[in-house]
Amino acid sequence: MKAWIVRQWCEPEQMRFEDVALPEPGPRQVRVKIAAAALNFLDTLMIQGRYQVKPAFPFTPGVEIAGVVDAAGEGCRLAPGTPVAGTLATGGYAEYAVAEERTLAPLPAALDLKVAATMAVVHPTAHLCLRDAGRLQPGETVMVSAAAGGVGLAALQLAKRWGAGKVIALAGAEKLQLCRDYGADDAIDYGEPGWSDAVRAVAPKGLDVVVDMVGGDVAEQSLRQLAWRGRLIVVGFAGGTIPALQANRLLLKSASAIGVFWGQTSVREPELAQQILAELFEMAARRELRPILSREYPLAQAPQAMRDLAARRTTGKVVLVP
């Protein structure tokens, strides 16, 4: 089979597209013939050695796939021929991959495999942010940073569906209308110096839940605008800077700063992960969620796709198609 191989920490263009042996599943593992592999910002960090997880060399990047079970190891419930989607430790940028059965979920027949591939990381992350960590209640005000990205668009939709009173999106100027299309009541350009004043104008009573993917000054300014018992949900640091959160502001508002890491949730709490995935895949099959698939690249063009994602030239989710 064809797969992208990383033999040392590198940039996307330094990966090698090679012929490699077809992997064999072990106990409670399945081999998946990949229909689509979704890209994530962490993929670029991982091949550069900048991600918190550092795989042994050589490895194939890619943590999010959908496809059809091709072979099953001992003790598996998923049978060959079953359409599935889920996550991998590594291995998605290839024609086939071996996955732990517990990290995959079967798909409803009505759900397109390419769409399913875009959901296995960002939608569960948004679900955890709003339901588990965010404890979202009907009528509350939610703000989402980097809202035109994968987690952002998923969070906008889920927040509206679950009864948020107001949903505010922070995004670049050229992406504001997209955020409105996906459910934002207000969309604010956080590239403008006065963006925090604009947030205060549309949410004068403060923010109940903030889902932050950016970090740095965006997270620090968002903390200042939390309402009483507000929740700042820390998802990532796409802006490149880990924020210095002022604990006194949490104290004065009985507020919380809570981290969400879907990758570890699916490992440490597999039953919860399976429940979340099943719920989201059923919602998508019933068309209660709008797909966030925005672009497809051939598998052979993985370096270009990674560059476009890292440079924020994409919106929503993009996939590699073998």
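The values are calculated or read from the model by the stated rules, or taken from the named source; none is laboratory data. Predicted model, so just to flag it, every value in this text is computed and none were measured. Positions of Cβ are generated from backbone atoms using ideal geometry, with glycine treated the same way; all protein chains shown enter the neighbour counts. Please note that ligands, DNA and RNA were not included when accessible areas were found on the heavy atoms of the full protein model with its side chains. Shrake-Rupley method; radii C 1.70, N 1.55, O 1.52, S 1.80 Å.
Quick check on packing: order 265-273, 81-89 by the mean number of other C-beta atoms within 10 Å, highest mean leading.
Values: 265-273: 15.2, 81-89: 21.1.
Going from most to least packed, we get 81-89, 265-273.
For the stretch 163-267, a crude dipole built from +1 on the beta carbon of Lys and Arg and -1 on the beta carbon of Asp and Glu, taken about the Cα centre, is about 480 debye to the nearest 20. Accessible surface calculations at 1.4 Å, restricted to protein heavy atoms, place the chain at 43 Å² per residue.
Expressed as a whole percent, the accessible area of the chain that falls on carbon and sulfur atoms is 50 (1.4 Å probe). Per residue, the convex hull spanned by the alpha carbons of the chain comes to 121 Å³.
Cross-link list Lys33/Lys317; Lys33/Lys160; Lys2/Lys114: which exceed 29 angstrom alpha carbon to alpha carbon?
On the way: Lys33/Lys317 20 Å; Lys33/Lys160 35 Å; Lys2/Lys114 19 Å.
Violating the 29 Å limit, Cα to Cα: Lys33/Lys160.
Computed over the Cα atoms, what is the radius of gyration of the stretch 122-173 divided by 2.2 N^0.38 Å, N being its residue count?
Working: Rg = 9.9 Å, N = 52, 2.2 N^0.38 = 9.9 Å.
Compared with the compact-globule rule of thumb, the stretch 122-173 sits at 1.01.
Answer with one residue from Phe59, Ala36, Leu226: the one whose Cα lies farthest towards the positive end of the charge dipole of the chain, charges on Cβ with Lys, Arg +1 and Asp, Glu -1. Final value for the positive-end residue is Leu226. Across the stretch 1-53, Cα-Cα pairs more than 16 Å apart make up 57 percent of the total.
For the stretch 139-221, the list of trypsin sites (Lys or Arg not before Pro) that fall in a loop by DSSP and count at most 13 other C-beta atoms within 10 angstrom reads Lys205.
The equivalent ellipsoid that matches the C-alpha gyration tensor of the stretch 69-165 spans semi-axes of 31, 14, 12 angstrom, in descending order. Cross-link reach is defined here as a Cα-Cα straight distance under 12 Å, omitting same-chain residues fewer than 8 places apart; for Lys54 the aspartates and glutamates meeting it are Asp43. In the stretch 95-124, whose amide N lies under 15 Å from the spot 7 Å out along Cα-to-Cβ of Arg287? List them in ranges. In the stretch 95-124, the label zone of Arg287 (backbone N under 15 Å from the point 7 Å along Cα→Cβ) covers 110-112.
In whole angstrom, how far apart do the alpha carbon centroids of the stretch 275-314 and the stretch 224-265 sit? Using only Cα atoms to place each centre, the spacing works out to 26 Å.
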